[in-house]
Amino acid sequence: AGCHAQRPLQGPHLTRRSGGAGGLLAEAGRLLDRLLPPGCAICGVGVVPGPPLCTICESRLPEIPKPLCRRCGVPATQSRDRDGCDVCDAWPAGLSRAASAVLHAAPADELVRGFKYRGWTGLAPLMGRMMAGPARRLAGDGSTVLVPVPLDRSRQRRRGYNQAALLARELSLVTGLRWESVLRRRSTSGRQAGSGRDDRIQNVRSAFHWFDGPSQRVDSLILVDDVLTTGATAAACSRAISEAGYECRGVVTFARALHRPDET
């Protein structure tokens, strides 16, 4: 009962709301913000000065056990060595590296679902702050830009926001890295949630294309998304970046699914 929708963050890179389902979601979020008291997004207990999490629930977010595979960031127990493992050996071609903040397990998986499907965009600052360390591990010494994984237009219109863009914005504020939306997603790609590995790879093989160049000099790019599972989406985005003549240093996500993929 204490969980409530937060008004989506605004910024120059985000699609503006202009009526339709997105506009209704924004209005509903503003109404709920006025009617419901702030509370922890997981347990609902009152939080001072406000959401998203109480200290107990934040402490329960599952860390990824170290040491990690240097390439894909899974625990060393699943790795042959720290420079590669069976997990990243099976990645689709194009994806170089990955780093994540937490495991995609309870209660972090509930945060992802709320953030992605229920309009809990007030979680973005917390998630972005937790992604700062993993992002810095991927960033190079030169000018690195954060690139959110895009939604297709119809899905973003229904949802009212792109969760990856919100994370990129918050991550930029914490790390000082610039972020820009330089990729677009075609509307013909299939839904990823609930799909198996082979279906995911096929769904997004040619789903992304370069839309616009960075506004300033760039040495490399880092993809930003909410969850990494098979790596199919990130690999497709990375190929689009490479075809445009830029280096993609990998993908940073809030959560990492190690077993059963049930998110993007």
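The values are calculated or read from the model by the stated rules, or taken from the named source; none is laboratory data. Every value quoted in this text rests on a predicted model; they were computed, and no experiment measured them. Cβ: placed from backbone, ideal geometry, glycine included. Neighbour counts: every protein chain shown. What goes into the accessible areas is simple: the full protein's heavy atoms, side chains included, and nothing from ligands, DNA or RNA. Shrake-Rupley method; radii C 1.70, N 1.55, O 1.52, S 1.80 Å.
Provide a single number: the residues in segment 141-154 that are part of a loop (DSSP other than H, G, I, E, B), touching a strand residue (DSSP E or B) at 6+ places or on another chain (Cβ under 7 Å) and under 16 Å from Gln216 (Cβ atoms).
Residues meeting the conditions: 1.
Restricting attention to segment 178-212, which residues are at pLDDT 75 or above and open to solvent by less than 30 Å² (accessible area, probe 1.4 Å)?
Trp179, Glu180, Val182, Leu183, Arg185, Ala207, Phe208
If Gln10 satisfies every condition in (1) more than 18 Å from Pro107 (Cβ to Cβ); (2) modelled with pLDDT of 60 or more; (3) assigned to a loop (DSSP other than H, G, I, E, B) but one, which is the exception?
It fails just one condition, (2).
Can you tell me how many residues in segment 84-140 are among the charged types (D, E, K, R) and assigned to a loop (DSSP other than H, G, I, E, B)? Don't jump to the end; show me each part of the working.
Filtering segment 84-140 down to residues among the charged types (D, E, K, R) leaves 86, 89, 97, 109-110, 113, 116, 118, 129, 136-137.
Next cut, assigned to a loop (DSSP other than H, G, I, E, B) only: 97, 118.
Residues flagged as among the charged types (D, E, K, R) and assigned to a loop (DSSP other than H, G, I, E, B) within segment 84-140 amount to 2.
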